[in-house]
1. Answer yes if at least one residue in segment 91-107 is under 18 Å from ILE179 (Cα atoms), at pLDDT 95 or above, of a type outside the set (Ser, Thr, Tyr) and buried (at least 20 other Cβ atoms within 10 Å of the Cβ), and no otherwise.
2. Taking segment 83-104 as the region of interest, how many residues are in a loop (DSSP other than H, G, I, E, B) and under 20 Å from ILE185 (Cβ atoms)?
3. For segment 194-229, give me the residue count where each residue is part of a loop (DSSP other than H, G, I, E, B), under 19 Å from the mean Cα position of the chain (by Cα) and within 22 Å of ASP84 (Cβ to Cβ).
4. Return the residue satisfying two criteria in turn: it lies in segment 36-82 and is assigned to a helix (DSSP H, G or I) and touching a residue at least 60 places away in the same chain (Cβ under 8 Å), and of such residues it is surrounded by the most Cβ atoms within 10 Å (Cβ to Cβ).
5. Please verify whether segment 105-117 includes one or more residues that are in a loop (DSSP other than H, G, I, E, B) and either farther than 30 Å from THR34 by Cβ or not charged (D, E, K, R) (or both).
6. Which of (1) in contact with a Gly (Cβ under 9 Å, 6 or more places away or on another chain); (2) over 17 Å from HIS15 (Cβ atoms); (3) crowded, with 19+ Cβ neighbours inside 10 Å does LEU118 not meet, given it meets every other one?
7. Go through segment 16-33 and count every residue that is buried (at least 17 other Cβ atoms within 10 Å of the Cβ) and touching a Phe, Trp or Tyr at 6+ places or on another chain (Cβ under 9 Å).
Amino acid sequence: MDRKVLKIGQISDSHIGKDGCLVQEIDVRKNFLTAYNSKFMKNLDLLVLSGDLADYAEPDAYSFIANVLKDSKVPVCVIPGNHDNVEVMEKFFDLKGKVHNGKCYYRYDIEGQTIFFLDSADGTVSSEQLSWLEEETAKVDGEVLLFLHHPPCHCNHKFMDLRYSLKNMDEVQATLAKIKNLKYIFVGHYHSEIKVELGDKTVFVTPSTQMQIDPNISVFCLNSAAPRWRVIEWGENFLETKVYF
């Protein structure tokens, strides 16, 4: 029997500030709600928040997001980004069993399919996580998906590649290359929509609900203050994905 086609929504880099304040003169809470309430995010099987939920790990930011999600009819998976703090996140999101030695990484099974989540909040993916990922993916017969905050490769983004790329990229790529049942990787962090081929894998960079950064200029340049988000449809030998705004 063919596997069910899962519909997964991905929201990344919402950068919610405290007390409803604008962040870089952008109404980030309104932008988050625009994505969350979009007609394209209806009938999801899973919602993923892939890091930088808060602008500077403000408790009020996590409280806002948790309050929005409390009525969610679908499961929600969260991972931290470099602007987040896992200890603070644990107070607002159910991360029981998902935090190990201060890192938030875990396996999530849904409808007979398996998705992995890694923690790159400090700009690296720890060796402990990489060993765990290699061991756990080997236990899965079918194809798996992977979410993390930082792209595991350079993405031809002149600003972000130069300043904020993953620090142990070679180590991460060496592990990923060993995992043959992983074909698709979803990330955020770069505030742009990008697709990169990494060996036999495809990396989809999901833009931000906060703002988009021009990838063609080596200094910071705001491309748009409009929110963007991704929807993924994933089944057996099948994946389609689209960014909405």
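The values are calculated or read from the model by the stated rules, or taken from the named source; none is laboratory data. Just so we're clear, the structure is a prediction, and the values are computed from it rather than from any experiment. With ideal geometry, Cβ positions are generated from the backbone for all residues, glycine too; neighbour counts draw on all protein chains shown.
1. Restricting attention to segment 91-107, the residues satisfying the condition of being under 18 Å from ILE179 (Cα atoms) are 105-107.
Now narrow it down to the ones that are at pLDDT 95 or above: 105-107.
Pick out the ones that are also of a type outside the set (Ser, Thr, Tyr) and you get 107.
Now restrict to residues that are buried (at least 20 other Cβ atoms within 10 Å of the Cβ): none.
No; the residues of segment 91-107 include none that is under 18 Å from ILE179 (Cα atoms), at pLDDT 95 or above, of a type outside the set (Ser, Thr, Tyr) and buried (at least 20 other Cβ atoms within 10 Å of the Cβ).
2. Of the residues in segment 83-104, the ones in a loop (DSSP other than H, G, I, E, B) are 83-85, 90-98, 101-102.
If we keep only those that are under 20 Å from ILE185 (Cβ atoms) as well, we get 84, 98.
So the count comes out to 2.
3. So the count comes out to 8.
4. Filtering first and then ranking leaves MET41.
5. Just the residues of segment 105-117 that are in a loop (DSSP other than H, G, I, E, B), to begin with: 105, 111-112.
Keeping just the survivors that are either farther than 30 Å from THR34 by Cβ or not charged (D, E, K, R) (or both) gives 105, 112.
Looking through segment 105-117, at least one residue is in a loop (DSSP other than H, G, I, E, B) and either farther than 30 Å from THR34 by Cβ or not charged (D, E, K, R) (or both).
6. Against the list (1) in contact with a Gly (Cβ under 9 Å, 6 or more places away or on another chain); (2) over 17 Å from HIS15 (Cβ atoms); (3) crowded, with 19+ Cβ neighbours inside 10 Å, LEU118 comes up short only on (1).
7. Of the residues in segment 16-33, 4 are buried (at least 17 other Cβ atoms within 10 Å of the Cβ) and touching a Phe, Trp or Tyr at 6+ places or on another chain (Cβ under 9 Å).
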